[in-house]
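Structure first, then comments.
The values are calculated or read from the model by the stated rules, or taken from the named source; none is laboratory data. If you're wondering where the values come from, they're calculated on a predicted model, not measured in any experiment. With ideal geometry, Cβ positions are generated from the backbone for all residues, glycine too; neighbour counts draw on all protein chains shown. Accessible surface is based on the protein model in full, side chains and every heavy atom, while ligands, DNA and RNA are left aside. Shrake-Rupley method; radii C 1.70, N 1.55, O 1.52, S 1.80 Å.
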Amino acid sequence: MRGVYGSDSYAASKRRLRTCKKKMVNNRMKERMEEWIAPSLTAMNCHHRFFTLEEFFSSSARIGFGGVEIWTSPQHFYMDYSQNESVDKLRRLEDRYHIKVVGICPEQTNPKPNNIAVNGQAAQKRVFSYFKRAIDVARAIGAKQVVVTSGWAFLDECPDEAYSRSIRMMRRIAEYAGEQQVMLAIEALQPRESLLVNSADDLKRYVDEVACPALGVCLDTGAMTRAGDTIEDYFTILGKSVIHAHFVDVDCSQMVTHLSWGDGTRDMSEDVADFINYGYKGSLSVEVTSRSYFTHPYEADERSMALYRQALGRYDAMDRI
């Protein structure tokens, strides 16, 4: 008769124990990996406007961006309320440079004509058609979201009336987006751009009034800083409604926004840590707009990517302490 420690049941128990421990380790690793699904840094073509769209894809891939958000500037990807360039143009660039189009950012601030708060039936018909077309492009290319804004009011009209028009139009656009299984991400604008939606509280009110599941929020760190909000404010007030971000540096002393990282006074490491700590797993699109970057846009992108990698390294080091 075999002793207890030589029994088949004991050997089986040891195997089960090893399997159990392995599962526990794997679960802990999985939890750590889930904690470490950091948001991805995404390039935007705004400051590449004096270069070809192919140069933008090429330099973005070389620098290490895994995704791009396409601002629909006419020199890069033409789109108006009645027509747009073929999505095949974007598909070919995706395939050639192994980089994904993750979002569409339509032109829509003054003086562009695509104002969601516009007055007049003819103009509203054009605006609705324009954003339907943006949603169709996003769906065709497999982009995650389309960035929208509240639009703007004339300074000599009642802002409440413009706000009501914006809500009605956004509800129509969001309902269409939902039908196409595309998300909208509304960002706040700065007061010099619009007086309708400027803060996290404004966004909360607006999203609640539209009341459509296809409408989420884009956290723009430029508009956020200008309004005196923080990343914490956005996630506290809006929670999981935050599905996208325009991630830029800001010179807080001069209140100059949409700078390349390293050219302002924000601390990228702190900002990245806040996004990770709130469980944000979307994209951080670097929406650089200053004309100072127009002649060497890739240099600004390189700096932003280098600082982003440093920020992730610092977060990892702090997490291990």
Residue ID - surrounded by the fewest Cβ atoms within 10 Å (Cβ to Cβ), chosen from residues in the range 230-240 that are in contact with a strand residue (DSSP E or B) (Cβ under 9 Å, 6 or more places away or on another chain) and not basic (Lys, Arg): Leu238
Index of the failed condition, Ala38 passing every other in (1) under 18 Å from His244 (Cβ atoms); (2) among the small types (Gly, Ala, Ser); (3) free of Cβ contacts under 8 Å to residues at least 60 places away in the same chain: (3)
Scope the range 282-306; condition open to solvent by 60 Å² or more (accessible area, probe 1.4 Å) and of a type outside the set (Lys, Arg); matching residues: Ser292, Thr295, His296, Tyr298, Glu299, Glu302
Residue within the range 116-125 that is open to solvent by less than 10 Å² (accessible area, probe 1.4 Å) and part of a loop (DSSP other than H, G, I, E, B) present: yes
Residue among Ser73, Ser86 that alone is within 24 Å of Thr42 (Cα to Cα) and in contact with a Lys or Arg (Cβ under 7 Å, 6 or more places away or on another chain): Ser73
Entirely in the range 249-321, the strands (runs of 3 or more DSSP E) that have 3 or more residues that are closer than 25 Å to Ala227 by Cα and either in contact with a Leu (Cβ under 9 Å, 6 or more places away or on another chain) or among the hydrophobic types (A, V, I, L, M, F, W, C) (or both): 249-251, 283-286
Selection status of Thr149, touching a residue at least 60 places away in the same chain (Cβ under 8 Å), within 22 Å of Cys46 (Cβ to Cβ) and under 22 Å from the mean Cα position of the chain (by Cα): no
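Every residue, every condition in (1) closer than 30 Å to Lys89 by Cβ; (2) part of a helix (DSSP H, G or I); (3) open to solvent by 50 Å² or more (accessible area, probe 1.4 Å), yes or no:
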| position | (1), (2), (3) |
| --- | --- |
| Val146 | yes, no, no |
| Leu155 | no, no, yes |
| Ile173 | yes, yes, no |
| Leu189 | yes, no, no |
| Ser194 | no, no, no |
| Glu209 | no, yes, yes |
Subset of the range 263-281 [open to solvent by 70 Å² or more (accessible area, probe 1.4 Å) and within 21 Å of Ile237 (Cβ to Cβ)]: Glu270, Asn277, Tyr278, Lys281
Residue in the range 133-142 that is open to solvent by 60 Å² or more (accessible area, probe 1.4 Å), modelled with pLDDT of 95 or more and acidic (Asp, Glu) present: yes
